[in-house]
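For reference, the structure is listed below as structure tokens.
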Amino acid sequence: MEELVRFGVSITPLLLEKFDQLIKDKGYPSRSEALRDLIRDHLVEQEWETGDTEVVGTVTLIYDHHSSNLLQLLNDIQHDYHDLIISTLHVHLDHHRCMEVLVLKGSAIAARQIASRLISMKGVKHGKLTITSTGKGLG
Ligand code: NI
């Protein structure tokens, strides 16, 4: 059997409660097995996203617009990728939270770069990059 390595994870009680509920719903025997599956899923996703072909996609961000400097920083990053972003949608979800959807068209590498930069920012509660094909070559 392959050697296993243990590591600690810091997480809010609410997020852990939701994770445990997910584990229960999906029937995982343990948190470790569920986490291993999540990691494998991300690795596979990354594998098929490699390559610099032209793609279209979206980045969806949920953030608190009261976080200091966040709006300015998000805006600065988007201007760095003005050639890539072909449309944006902003929805004020409630008093604090905003949802922003960026529509991208360009290289998969650039799409992943901007998504990583935006999603990793402090104050961004959740973010997701969805890459799809432009349809060229699919018949
Ligand atoms: Ni808003």
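The values are calculated or read from the model by the stated rules, or taken from the named source; none is laboratory data. No experiment lies behind these values; they were computed from the predicted model shown. For the accessible areas, the whole protein counts, side chains as well, though only heavy atoms, and no ligand, DNA or RNA atoms are used. Shrake-Rupley method; radii C 1.70, N 1.55, O 1.52, S 1.80 Å.
Taking 30, 116, 87 in turn, the Gaussian network model of the chain (Cα-Cα springs below 10 Å) assigns the largest fluctuation to 30. In units of the rule-of-thumb radius 2.2 N^0.38 Å, the chain shows an alpha carbon radius of gyration of 1.24. In order along the range 83-95, the Karplus-derived 3J(HN,Hα) couplings, from 6.51 cos²θ - 1.76 cosθ + 1.60 at θ = phi - 60°, round to 6, 8, 8, 9, 6, 9, 10, 10, 10, 7, 6, 7, 4 Hz, and Gly and Pro are given as x. Expressed as a whole percent, the accessible area of the range 54-133 that falls on carbon and sulfur atoms is 54 (1.4 Å probe).
Build a GNM of the chain with springs between Cα atoms under 10 Å: which of 60, 88, 12 gets the top mean-square fluctuation? For the chain, modelled as a Gaussian network with Cα springs under 10 Å, the answer is 12.
Quick check: residue separation of residue 90 and residue 38 times 0.36 nm, minus the Cα distance between them. What number comes out in nm?
Going from the current span to full extension adds 15.8 nm.
On full extension, the segment bounded by residue 126 and residue 20 gains 36.3 nm, given 0.36 nm per residue less the C-alpha separation. Pairs from the table (105/128; 26/125; 18/122; 24/105; 26/128) lying more than 27 angstrom apart at Cα are 24/105.
Heavy atoms of the protein chains alone define the surface here; on that basis the range 8-125 has 68 Å² accessible area per residue at 1.4 Å probe size. Across the chain, Cα pairs under 8 Å and at least six residues apart give a relative contact order of 30 percent.
For residue 104, the residues whose modelled amide H falls within less than 5 Å of its own, excluding neighbours fewer than 5 places apart on the same chain, are 57, 58, 59, 86. Using Cα springs under 10 Å in a Gaussian network model of the chain, which residue among 103, 59, 91 shows the largest mean-square fluctuation? Greatest mean-square fluctuation among the candidates belongs to 91.
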